[in-house]
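Read through the structure below, which is laid out as structure tokens, and then see the notes.
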Amino acid sequence: MKNTIVTLQDQKRRGEKITMITAYDYSMAKLLDQTGVNCLLVGDSLGMVMLGYEDTVSVTMEDMIHHGAAVAKGTRDALVVVDMPFLSYHISVEEAVRNAGRLMREAHAQAVKLEGGSSVLNQVRAIVNSGIPVMGHLGLTPQSVHAFGGFKVQGNTVEQAEQILADANALEEAGAFALVLECVPRGLAKRITDEIAIPTIGIGAGVDTDGQVLVYQDALGMFEGFQPKFVKRFGDIGTQIKNGIMDYCDAVKANEFPTIEHSFKGSQELERLY
Ligand code: KIV
Ligand code: NA
């Protein structure tokens, strides 16, 4: 079944959890789509997990289009959401609409996601008015990591929590169809989820949000190094990749691969000569 912003919103109404996972390329998108996951996010986290950057601020529109188009090609049923990268929606409302449009046209996104609340409401409104569904993103918004002084939980003070709650309401009002809540205390995430009609999708936001999202390399054990507290490993694909490739290398060195079944036979004439 094709997932749309309407089916996601129906899921919230029915109390059926929404599942979202990141995707960055064609072959992985194809596998992920076959799992029945509701939503594939071409996250700007690709800067970190696919391109090896320290954070997401170096990611460009071209990066997002390049990876987004590959994911869209591999996806049939999941809703494809593509992140708007750092500074692609801040300079002006006009630039925000143009860049959101590029993600739809050139990356074949079915929705875009952007970070922030009160500071981006005009952009959200204008993008939605042009017919492009917008997913919001509040709490730890990684494009602001340098302003936060590191990757840390947001909304821990009453003042911060009230701001995030107000931003959530304002994003709904501006026409966002759903909202990612990243690294906020679970009580705040529950309050927002109860208060707004659009689905909340949590990452490090407790169990009460309407859905969950993870970076697939984190979920499948493919990313070594720092593991945030909110990550659970549902697979150990990193080990499987290393074991598989070590077996391949061993087989090559031992002349056990390729065998005759993996080799091409020449024509009769060629077979006589060689
Ligand atoms: O870029 C990303 O992967 C994200 C999710 C973690 C929400 O924005
Ligand atoms: Na992101």
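The values are calculated or read from the model by the stated rules, or taken from the named source; none is laboratory data. Keep in mind that what you see is a predicted model, and the values were worked out from it rather than measured. Note: ideal-geometry Cβ built from the backbone for every residue, glycine included; neighbour counts use all protein chains shown.
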field: Residue list for region 94-146, restricted to those being within 16 Å of ligand 1 (Cβ to nearest atom), part of a helix (DSSP H, G or I) and among the hydroxyl-bearing types (S, T, Y)
entry: S144
- prompt: Which of the residues that make up region 231-274 are closer than 21 Å to G52 by Cα and in contact with a strand residue (DSSP E or B) (Cβ under 9 Å, 6 or more places away or on another chain)?
  reply: V231
Unmet requirement for A197, which otherwise passes all of (1) surrounded by 15 or more Cβ atoms within 10 Å (Cβ to Cβ); (2) modelled with pLDDT of 95 or more; (3) part of a loop (DSSP other than H, G, I, E, B): (1)
field: Tally of residues being among the small types (G, A, S) and within 15 Å of ligand 1 (Cβ to nearest atom) across region 53-76
entry: 2
message: Yes or no: region 7-14 includes at least one residue that is of a type in the set (A, V, I, L, M) and in contact with a Gly (Cβ under 9 Å, 6 or more places away or on another chain).
response: yes
statement: Heads up, the helices (runs of 4 or more DSSP H) in region 1-77 (entirely inside) with at least 1 residues that are closer than 16 Å to K113 by Cα are 5-14, 46-49, 61-74
query: If we scan region 232-250, do we find a residue that is under 30 Å from N156 (Cα atoms), hydroxyl-bearing (S, T, Y) and surrounded by 11 or more Cβ atoms within 10 Å (Cβ to Cβ)?
result: no
- prompt: What about T239, is it farther than 25 Å from V93 by Cβ, among the hydroxyl-bearing types (S, T, Y) and in contact with a helix residue (DSSP H, G or I) (Cβ under 7 Å, 6 or more places away or on another chain)?
  reply: no
message: I'm told F234 meets every condition in (1) more than 17 Å from E16 (Cα to Cα); (2) in a helix (DSSP H, G or I) except one. Can you identify the failing condition by its number?
response: (2)
task: Among the residues of region 151-172, write down those that are among the charged types (D, E, K, R) and touching a residue at least 40 places away in the same chain (Cβ under 8 Å).
output: D167
task: Would you mention how many residues in region 81-113 are buried (at least 23 other Cβ atoms within 10 Å of the Cβ) and either free of Cβ contacts under 8 Å to residues at least 12 places away in the same chain or of a type in the set (V, I, T) (or both)?
output: 3
- prompt: Taking L79, is it at pLDDT 95 or above and closer than 19 Å to I203 by Cβ?
  reply: yes
